[in-house]
Ligand SMILES: *Cc1c(COP(=O)(O)O)cnc(C)c1O
């Protein structure tokens, strides 16, 4: 039996919406993007949403809105996709890492204060795997030191913790609609924010810094537009928005199925020697974006190989950012700097985990993992 690492959930309604855009003459950022933005803002209970082409670029836009650049430091985690730190680097600022909590892999907020200095401008928390960091504690701290919070909420569209959702306490939250996310357009992203001034700036910044985009010009007599500042080219297009807009309605359904699968995995591995996994905190509504297990770091790569030999799709979310070649060379980072991050990074394996997984596939994955672990022990 071959088990894919991921299968998307695009259905006929998504294909139809996409075809409607292809049958129109307006493919770029237009009314479909605006409809998606409104529906997404509504889903997230956020005043404003802006469609972009990725989460990485969304983070970069937010950093730039807050004037963060060379000479500044941004506190974040190294247990995340490279895009989080790359946005900080691309802004010209320096990522400063705080270690994670051993039970969840999320930022250890108690360790942040010792990293704050005069150069610190912002914190980028990542709601890892779909479980939110303690945003109440983080926002108390950030208020005290006048720091911005830009949430990397790629895993957390559906998450909440003590009634707090992404974007509620942070200054902005960024999302990705990359190929393997809970909803996808192949590529894409969004920012939600509370400030109208920020929203207006983001709408211009994503498209060169001009004050009228093509949709605002389309169908009207030609009008000159002005470039107010040097922007970027990070806009979402109507094709992406059409693919995404109906998936929003199915999020609760998708999440329910992932929760069922998570519980099957957790009960299968709970008493299994050699297999551990992150814990769900009692006050947390976990979006269940990724299901990861932790195995002996000395055997992790062998376990990966063995599972792939059995045609099971696997991934590693994530190797530690600070130990990639670029970051080692740029900052002289070394192993041992973030012991808990590194321990998780070296022991983690992501299992197939998506609503289309059949019962038989789930059983096959969990039995195979148990067998491989026994075989290698
Ligand atoms: C996917 C992901 C990103 C990057 O998203 P892109 O849209 O590919 O830029 C950043 N952070 C996390 C936690 C992610 O999972």
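Taking segment 93-118, which residues are out of contact with any helix residue (DSSP H, G or I) (no Cβ under 9 Å at 6 or more places or on another chain), over 29 Å from residue 290 (Cα atoms) and assigned to a loop (DSSP other than H, G, I, E, B)?
Once the filter is applied, which keeps residues that are out of contact with any helix residue (DSSP H, G or I) (no Cβ under 9 Å at 6 or more places or on another chain), over 29 Å from residue 290 (Cα atoms) and assigned to a loop (DSSP other than H, G, I, E, B), segment 93-118 yields 117, 118.
Which condition number in (1) in contact with a helix residue (DSSP H, G or I) (Cβ under 9 Å, 6 or more places away or on another chain); (2) within 16 Å of the ligand (Cβ to nearest atom); (3) assigned to a loop (DSSP other than H, G, I, E, B) is the one that residue 49 fails?
(3)
Could you tell me which of the residues 343, 279 is surrounded by 14 or more Cβ atoms within 10 Å (Cβ to Cβ), under 26 Å from the mean Cα position of the chain (by Cα) and outside any helix (DSSP H, G or I)?
The unique qualifying residue is 279.
Within segment 306-327, take every residue that is in a loop (DSSP other than H, G, I, E, B) and within 16 Å of the ligand (Cβ to nearest atom) and give me the one that is nearest to residue 96 (Cα to Cα).
320
Are there any pairs, at least 6 apart or on different chains, whose C-beta atoms fall under 7 Å, with the first in segment 184-210 and without any contact (Cβ under 8 Å) to a residue 40 or more places away in the chain and the second within 16 Å of the ligand (Cβ to nearest atom), and if so, which?
208/233
Can you pull out every residue in segment 62-91 that is part of a loop (DSSP other than H, G, I, E, B) and crowded, with 24+ Cβ neighbours inside 10 Å?
We begin by selecting, within segment 62-91, every residue part of a loop (DSSP other than H, G, I, E, B); these are 66-72, 77-81.
Selection gives 77, 78, 79, 80.
If the requirement is being out of contact with any helix residue (DSSP H, G or I) (no Cβ under 7 Å at 6 or more places or on another chain), surrounded by 16 or more Cβ atoms within 10 Å (Cβ to Cβ) and without any contact (Cβ under 8 Å) to a residue 60 or more places away in the chain, which of these qualifies: 304, 251?
Of the residues listed, the single one that is out of contact with any helix residue (DSSP H, G or I) (no Cβ under 7 Å at 6 or more places or on another chain), surrounded by 16 or more Cβ atoms within 10 Å (Cβ to Cβ) and without any contact (Cβ under 8 Å) to a residue 60 or more places away in the chain is 304.
Looking for whichever is within 16 Å of the ligand (Cβ to nearest atom) and in contact (Cβ under 8 Å) with a residue 24 or more places away in the chain here; the options are 6, 43. Which one fits?
It is 6.
Looking only at segment 235-264, count how many residues are part of a loop (DSSP other than H, G, I, E, B) and under 13 Å from residue 13 (Cα atoms).
Number of matching residues: 1.
When you look at residue 59, is it surrounded by 22 or more Cβ atoms within 10 Å (Cβ to Cβ), within 12 Å of the ligand (Cβ to nearest atom) and not in a helix (DSSP H, G or I), yes or no?
The answer is no for residue 59.
Starting from residues that are within 16 Å of the ligand (Cβ to nearest atom) and surrounded by fewer than 24 Cβ atoms within 10 Å (Cβ to Cβ), keep the ones in segment 99-115 and report whichever is nearest to residue 67 (Cα to Cα).
Once the filter is applied, the top-ranked residue is 106.
One line per residue, one yes/no per condition, for (1) away from the ligand (no atom under 14 Å from the Cβ); (2) in a loop (DSSP other than H, G, I, E, B); (3) farther than 21 Å from residue 83 by Cα; (4) in contact with a helix residue (DSSP H, G or I) (Cβ under 9 Å, 6 or more places away or on another chain):
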{"position": "167", "(1), (2), (3), (4)": "yes, yes, no, yes"}
{"position": "170", "(1), (2), (3), (4)": "yes, yes, no, yes"}
{"position": "175", "(1), (2), (3), (4)": "no, no, no, yes"}
{"position": "182", "(1), (2), (3), (4)": "no, yes, no, yes"}
{"position": "187", "(1), (2), (3), (4)": "no, yes, no, yes"}
{"position": "204", "(1), (2), (3), (4)": "yes, no, yes, no"}
{"position": "216", "(1), (2), (3), (4)": "yes, no, yes, no"}
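Test residue 14 against the stated conditions and say whether it is away from the ligand (no atom under 16 Å from the Cβ), more than 24 Å from residue 165 (Cβ to Cβ) and part of a helix (DSSP H, G or I).
yes
Just to check your reading of the model, which residue among 242, 287, 268 is farther than 29 Å from residue 361 by Cβ and surrounded by 11 or more Cβ atoms within 10 Å (Cβ to Cβ)?
242
Quick one: in segment 119-138, of everything that is part of a loop (DSSP other than H, G, I, E, B) and under 18 Å from the mean Cα position of the chain (by Cα), which residue is farthest from residue 81 (Cα to Cα)?
Of everything passing the filter in segment 119-138, 134 is farthest from residue 81 (Cα to Cα).
Just a yes or no: is a residue in segment 29-37 in contact (Cβ under 8 Å) with a residue 60 or more places away in the chain, more than 16 Å from the ligand (Cβ to nearest atom), over 21 Å from residue 289 (Cα atoms) and in a loop (DSSP other than H, G, I, E, B)?
For segment 29-37, residues in contact (Cβ under 8 Å) with a residue 60 or more places away in the chain, more than 16 Å from the ligand (Cβ to nearest atom), over 21 Å from residue 289 (Cα atoms) and in a loop (DSSP other than H, G, I, E, B): present.
Conditions (1) within 11 Å of the ligand (Cβ to nearest atom); (2) buried (at least 24 other Cβ atoms within 10 Å of the Cβ); (3) within 14 Å of residue 78 (Cα to Cα), marked per residue:
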| site | (1), (2), (3) |
| --- | --- |
| 117 | no, no, no |
| 121 | no, no, no |
| 127 | yes, yes, yes |
| 130 | yes, yes, no |
| 137 | no, no, no |
| 145 | no, no, no |
| 148 | no, no, no |
| 151 | yes, yes, no |
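Rule-based calculations on the coordinates, nothing more; no lab input. Note that the structure is a prediction, hence the values are computed from the model and not measured. Note: ideal-geometry Cβ built from the backbone for every residue, glycine included; neighbour counts use all protein chains shown.
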